[in-house]
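Asks: The structure is given below, and queries will be raised subsequently.
Nothing in this text is a laboratory measurement; each read-out follows from the coordinates by a stated rule. Owing to the predicted nature of the structure, the values given are computational and were not obtained by experimental measurement. Neighbour counts are summed over all protein chains in view; Cβ atoms, including those assigned to glycine, are modelled from backbone coordinates with ideal geometry.
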Amino acid sequence: MAGELEDIGTRLREERERVGISQRELARRIGLSASMISQLESGQSKPSVSTLYAIVTELGVSLDEVFRGTEEHASVERAAGEPSGSAEQDPVVHPEERHVIDLASGVRWERLTSHRHEDVDFLHVIYDVGGSSAGDTMMMRHPGREYGYVLSGHLGVQLGFEEHKLGPGDSIGFDSTQPHRLWNLGEEPVHGIWFVVGRDG
């Protein structure tokens, strides 16, 4: 995809430096090693869903600001003589125009909005076979409330001590501050539509 974000590590490093904390301090705050933060920022490793949420939450950054790294590059290329109605203002996003982040553990996020909206993450999510938001024994939590709708495949969702199985047409909503984990239950990729509302609050 044209909007695939290859420099997610660079964007995370820029935001960490903007906040003014070291790799070691960020690692301490979110429970990772400083070497892992270094690998993520240099592009040697990709973050999992849970790690990315932990980092952006700690840095006070929206996911849109991470995605926007691609937009800023594109806006420079369009600057010379581009009419004011650029793709950034266009309310329609075609599949080939989506900004994409490929995460560790077989998870892909495609942003479904063409503009920045700080209070909502609106995503097409894909969990590949064996894909999960975190390791088998790990859960994540962050501010906001999540709403998901499964288009195809079968998705497991653990909320605290409860497990739920979602198939095509099933939907779910839950408070993101409770520990949760999502994973592919079947032998085909899971496609879904996901909203996270109020994550910055």
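Asks: Taking amide H positions as placed in the peptide plane 1.01 Å from N, state which residues far from residue 144 in sequence (5 or more) or on other chains have amide H under 5 Å from it.
Replies: So residue 144 has HN proximity to 176, 177.
Asks: Between residue 136 and residue 38, what length comes free when the chain is fully extended (0.36 nm per residue of separation minus the Cα-Cα distance, one decimal in nm)?
Replies: On the way: separation 98, 0.36 × 98 = 35.28 nm, distance 2.38 nm.
32.9 nm is the gain from fully extending residue 136 to residue 38.
Asks: If Lys and Arg each add +1 and Asp and Glu each add -1, what is the summed charge of the other residues whose beta carbon sits under 14 Å from the beta carbon of residue 32? The partial results should precede the final answer.
Replies: Working: positive: 16, 24, 28, 29, 46; negative: 25, 41, 58.
Its environment carries a net charge of +2.
Asks: Tally Lys and Arg at +1 and Asp and Glu at -1 over the other residues with C-beta under 15 Å from the C-beta of residue 187: what net charge comes out? Spell out each step's value before the answer.
Replies: Values: positive: 165; negative: 128, 188.
Charge balance in the 15 Å sphere: -1.
Asks: Could you derive backbone 3J(HN,Hα) for the stretch 44-60 from the dihedral phi with the Karplus parameters 6.51, -1.76 and 1.60 (θ = phi - 60°), listing whole Hz in sequence and x where the residue is Gly or Pro?
Replies: 6, 9, 9, x, 7, 4, 5, 5, 4, 4, 4, 5, 5, 5, 5, 7, x
Asks: OK, next. Quick query: amide H of residue 93 versus all other amide H atoms, modeled in the peptide plane; which residues come in under 5 Å with a sequence gap of 5 or more or a different chain?
Replies: Under 5 Å from the amide H of residue 93 lies no amide H from a residue far enough along the sequence or on another chain.
Asks: Another one. Compute the signed sum of charges (Lys and Arg +1, Asp and Glu -1) over the other residues within less than 9 Å, Cβ to Cβ, of residue 129. Could the numbers behind the result be given before it?
Replies: Working: positive: none; negative: 128, 187, 188.
Result for the local shell: -3.
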